[in-house]
Amino acid sequence: MYRTGSLPQVTLKWAQTLDGQLADDSDQSQWISGVEERRYTHRLRSIHQAILVGAQTFLKDLCQLTVRDIEFDGPQPARIIIDPRGRILKAL
Ligand SMILES: NC(=O)c1ccc[n+]([C@@H]2O[C@H](COP(=O)([O-])OP(=O)(O)OC[C@H]3O[C@@H](n4cnc5c(N)ncnc54)[C@H](OP(=O)(O)O)[C@@H]3O)[C@@H](O)[C@H]2O)c1
């Protein structure tokens, strides 16, 4: 998410296998994307002010949601995690 005018700009981004899956069958996959795609993800993050994921994604992947692996000296985006049942606090 980033904001340039009066409305926020929202970018939806996900990785997907050729057969349309978002995670592997074992549910243990942290990444299903390749090195180039992940670098692109960090470029995308670098132009956004906040990154949003769901609670399960955060708990499974322990994602940092930071900009890494590219040249970047701007402020890190804010992390926003949707967690209506407080699952993260219970898991800590
Ligand atoms: N391939 C990719 O790019 C990619 C990206 C992200 C995630 N994933 C994978 O996808 C899997 C799970 O992701 P997920 O997005 O299904 O689960 P999630 O990370 O738990 O995100 C869904 C969140 O939205 C909340 N929610 C759902 N319906 C809602 C509603 N009607 N009102 C308010 N809140 C609502 C859920 O609440 P509750 O906590 O109450 O359930 C949950 O916290 C993981 O295996 C993850 O690794 C893949």
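Computed from the coordinates by the stated procedures, all read-outs in this text should not be read as laboratory data. Bear in mind that the values here come from a model prediction, so they are computed numbers and not experimental data. Note: ideal-geometry Cβ built from the backbone for every residue, glycine included; neighbour counts use all protein chains shown.
Name the GluC sites (Glu not before Pro) in the range 1-76 that are in a loop by DSSP and that have at most 11 other C-beta atoms within 10 Å, would you? Each step should come with its number before you reach the end.
Working: sites: GLU36, GLU37, GLU71; in loops: GLU71.
Those that pass, being in a loop and sparsely packed, are GLU71.
Could you calculate, for the range 2-91, the ratio of the Cα radius of gyration to the Kirkwood radius, expressed as Rg to Rh? The partial results should precede the final answer.
On the way: Rg = 14.4 Å, Rh = 14.7 Å.
My calculation puts Rg/Rh at 0.98.
Calculated FRET efficiency, SER29 to THR66, Cβ-Cβ distance, R0 = 25 Å: about 0.80 to the nearest 0.05.
Among ARG79, ARG85, ARG45, the ranking by other beta carbons within 10 Å of each residue's beta carbon, starting with the fewest, stands as ARG85, ARG79, ARG45.
With the alpha-carbon atoms of the range 1-53 aligned to their principal axes, the span from lowest to highest coordinate is 42, 19, 18 Å, starting with the largest.
Ordering GLY20, PRO77, LEU59 by Cα displacement along the dipole of the chain toward the positive end leaves PRO77 in first place; charges were set at the Cβ atoms of Lys, Arg (+1) and Asp, Glu (-1). The chymotrypsin sites (Phe, Trp or Tyr not before Pro) found in the range 5-71 that occupy coil by DSSP, while having at most 16 further C-beta atoms within 10 Å, are TRP14, TRP31.
When the chain is fully extended, how far beyond the present Cα-Cα distance does TYR40 get from SER6, taking 0.36 nm per residue of separation? Write down the numbers at each step before the final one.
Values: separation 34, 0.36 × 34 = 12.24 nm, distance 2.69 nm.
This chain segment gains 9.6 nm when fully extended.
In this label model, ALA15 and VAL53 are separated by 1.0 nm, measuring between points 7 Å along each Cα→Cβ vector.
Give the relative contact order (percent, whole number) for the range 2-91; include only Cα pairs under 8 Å separated by 6+ residues. Walk me through the numbers on the way to the answer.
Working: 82 pairs, mean separation 23.0, N = 90.
About 26 percent, as a whole number.
Report the Rg/Rh value for the range 43-92, based on alpha-carbon coordinates and the Kirkwood definition of Rh. Don't skip to the end; give the middle numbers.
On the way: Rg = 12.3 Å, Rh = 11.9 Å.
Result: Rg/Rh = 1.03.
If only the Cβ of Lys and Arg carry +1 and only the Cβ of Asp and Glu carry -1, the dipole of the chain around its Cα centre is close to 480 debye.
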